[in-house]
Protein chains: 4
Amino acid sequence: MSRPPLRPRAHYRHWHRIDTRFGDNDAFGHVNNAVYYAWYDTALNSFLLGAGLYQIGQTPGGGSDAIAYIAESSCRYVSALRYPGMVEIGLSLERFGQSSLSWHLGAFAEHAQMPSAEGRIVQVCISRRTERPIPIPAPWRSTITERAMHPDGVQEKADIPWS
Amino acid sequence: MSRPPLRPRAHYRHWHRIDTRFGDNDAFGHVNNAVYYAWYDTALNSFLLGAGLYQIGQTPGGGSDAIAYIAESSCRYVSALRYPGMVEIGLSLERFGQSSLSWHLGAFAEHAQMPSAEGRIVQVCISRRTERPIPIPAPWRSTITERAMHPDGVQEKADIPWS
Amino acid sequence: MSRPPLRPRAHYRHWHRIDTRFGDNDAFGHVNNAVYYAWYDTALNSFLLGAGLYQIGQTPGGGSDAIAYIAESSCRYVSALRYPGMVEIGLSLERFGQSSLSWHLGAFAEHAQMPSAEGRIVQVCISRRTERPIPIPAPWRSTITERAMHPDGVQEKADIPWS
Amino acid sequence: MSRPPLRPRAHYRHWHRIDTRFGDNDAFGHVNNAVYYAWYDTALNSFLLGAGLYQIGQTPGGGSDAIAYIAESSCRYVSALRYPGMVEIGLSLERFGQSSLSWHLGAFAEHAQMPSAEGRIVQVCISRRTERPIPIPAPWRSTITERAMHPDGVQEKADIPWS
């Protein structure tokens, strides 16, 4: 039984640089495992917000109706990262379903060719009003395809089942 | 020049127990300074929510209109707290202004008579709709006076200036 | 293609109650996805510390030499949890390798029979001095088997490959 | 009674840019009050580490013996900051005691002339081995004086009393 090889830098189509924080390190002296998800989350939302695909909203009832919730996440930790320093988060879309988006993410030390950690996040498009899944809006599909989809990424009608 | 004496347990009128988390400890091996404010925030909001004075709201535009923002906060760290373990947060209202509430808070190790840290938080009542200060709602004033005001607490017409 | 059914309460052998915090809720009004991992981490470490299997150490060079790092983690989010309220984290050991431990975790709202989220964490035993994997210490194996191993849990000589 | 005027950009001698994170925003839609302290902490430690004044240490017992603990902190919140976006943290040393350092900090939106929040942190130099205060090391005093001390900053023999 063996693990799939790590995905190198070239796998990723969009990058988000993130500053580590003093509090990211835990009692074992390196970045706590939960912090990687805060980075992934930030990288993904920064891409979607930067592309104009949704707005958070600053007042009650403000913001766009279509947003994305996280339905699944996973991370494989390969080597420790530590504050201080910058981390580069790579992302690429692996798969569109009807409502769902599966992303690959990698956390790289600056200039490193191989990741310190890599993960996968499945988002589901949701109407903020109804809190129910909706088909991926057309502008999401076209913009993400253009800017962040991996060449081997797939578009499918069906969703990965999620609850 | 000397510092005011620490406030003992008897100073506080309402208590909130909080579980420390593994990630609360930082690279120096004790709870990070910023975490105390997350505890204070949680203790205060839990008191206000538990007393039915406001609702967070789960949908856009939901929740009560009157909420409280934090205008000032401070903390004096006396002795280190560490995960694992429970912490007891004491709170008592020190002063009502027209829109503002000044709270004393203390972070105590279980069974300790003297605090490991003590702080002060000034909240300002805000209309969520306008994001502007509003007079403290009458039910806030009466409920807090009854359940959490220190015997030496004061009620004043004027606010501590805040911006 | 279908997903495995959710694991009910009865699947878990050890429980850790955790207090939600005001800051756990994110801009979408429910607990942020990364926070579940902070809960899992806390539940696991509290079990291991409570069973006397390792010590964090409060001074440089203090604490036990054998600790556990997280090599992999994953979470499936089923329904939103929100501050305020308590969450109950269930855990049970699914598999021992030579150096690795695979855990099932579930995040349950109080009194709920089915989880709001469920996850899996693979830990690897490490010597803090060398930062290299070591065989699971005998007291870990016996104590965890007794207190937290699932009846269908397996003991294998080989590790799940991890990097 | 009136509050002191806010300190403008020109007050600060050293700057640290920090990336906001999705999880920095709380249920009220702006950065949570506790997060500002995580930023201040990061800005201060990044300055001290970048100047070579201390090392965190990556192994048990590693790192420098002289480190700084936070004895007091405070913050005045003036206008809301929100993810996404960069924040600029300014810092300048206000006062040296025998063991203590008092810092002014300001959190500025990019390009803003006036701060969204401003704070004060008192650090105390500690021996990591004994966990007791020690006189500020000479290289700290000279480097900080040169790179981050405010022209009106003072050097005093006595410490602000701290416990």
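Side notes on the structure shown:
- Conditions (1) surrounded by fewer than 23 Cβ atoms within 10 Å (Cβ to Cβ); (2) within 27 Å of C:PRO135 (Cα to Cα): number failed by C:PRO5: (2)
- Entry remark, the stretch A:123-140: residues being surrounded by fewer than 18 Cβ atoms within 10 Å (Cβ to Cβ) and of a type in the set (Lys, Arg) number 2 in total.
- Residues that are under 26 Å from A:VAL124 (Cβ atoms) and surrounded by fewer than 22 Cβ atoms within 10 Å (Cβ to Cβ) are absent from the stretch C:44-53 altogether.
- Within the stretch B:133-162, the set of residues being in a loop (DSSP other than H, G, I, E, B) and modelled with pLDDT of 95 or more comprises B:ILE134, B:PRO135, B:ILE136, B:PRO137.
- In the stretch D:73-106, of all residues being within 14 Å of D:PRO133 (Cβ to Cβ) and not aromatic (Phe, Trp, Tyr), the one that is surrounded by the fewest Cβ atoms within 10 Å (Cβ to Cβ) corresponds to D:GLN98.
- Tally, over the stretch A:146-161, of residues that are farther than 21 Å from A:SER73 by Cα and surrounded by 13 or more Cβ atoms within 10 Å (Cβ to Cβ): 1
- Applying the set (1) basic (Lys, Arg); (2) modelled with pLDDT of 95 or more; (3) not in a strand (DSSP E or B) to D:ARG129 leaves exactly one unmet item: (2).
- Scan of the stretch D:109-146 for residues that are over 14 Å from D:TYR69 (Cβ atoms) and within 14 Å of the chain's Cα centre (by Cα), ordered by number: D:ALA117, D:GLU118, D:GLY119, D:ARG120, D:ILE144
- Candidates A:SER102, A:SER79, A:SER64, filtered to the one that is in a loop (DSSP other than H, G, I, E, B), closer than 28 Å to C:VAL122 by Cβ and more than 7 Å from every other protein chain (Cβ to nearest Cβ): A:SER79
- The stretch B:8-38: number of residues that are away from chain A (no Cβ under 14 Å) and either within 19 Å of C:ASP19 (Cβ to Cβ) or of a type in the set (Asp, Glu) (or both): 7
- Residue ID - farthest from C:TYR37 (Cα to Cα), chosen from residues in the stretch C:82-91 that are part of a strand (DSSP E or B) and out of contact with any helix residue (DSSP H, G or I) (no Cβ under 6 Å at 6 or more places or on another chain): C:MET86
- Looking at A:SER92, A:SER127, A:SER74, just one residue is free of Cβ contacts under 8 Å to residues at least 60 places away in the same chain and of a type in the set (Gly, Ala, Ser), and that residue is A:SER74.
- Selection from the stretch B:107-122 of residues that are in contact with an Asp or Glu (Cβ under 9 Å, 6 or more places away or on another chain) and crowded, with 18+ Cβ neighbours inside 10 Å: B:ALA107, B:PHE108, B:ILE121, B:VAL122
- Among the residues of the stretch D:50-98, those that are at pLDDT 95 or above and of a type in the set (S, T, N, Q) comprise D:SER73, D:SER74, D:SER79, D:SER92, D:GLN98.
- Check on B:SER64, under 30 Å from A:ARG82 (Cα atoms), of a type in the set (Gly, Ala, Ser) and surrounded by fewer than 20 Cβ atoms within 10 Å (Cβ to Cβ): no
- Of note, D:TYR69 does not satisfy the criterion of being farther than 15 Å from D:HIS14 by Cα and either touching a helix residue (DSSP H, G or I) at 6+ places or on another chain (Cβ under 6 Å) or free of Cβ contacts under 8 Å to residues at least 12 places away in the same chain (or both).
- Entry remark, the stretch D:130-151: residues being free of Cβ contacts under 8 Å to residues at least 24 places away in the same chain and not small (Gly, Ala, Ser) number 5 in total.
- Matching residues, the stretch C:39-59, being more than 9 Å from chain A (Cβ to nearest Cβ) and part of a loop (DSSP other than H, G, I, E, B): C:ALA51, C:GLY52, C:LEU53, C:TYR54, C:GLN55, C:GLN58, C:THR59
The values are calculated or read from the model by the stated rules, or taken from the named source; none is laboratory data. Being a predicted model, the structure only gives us computed values, none of them experimental. Heads up, the Cβs are rebuilt from the backbone with ideal geometry, glycines too, and the neighbour counts pull from every protein chain shown.
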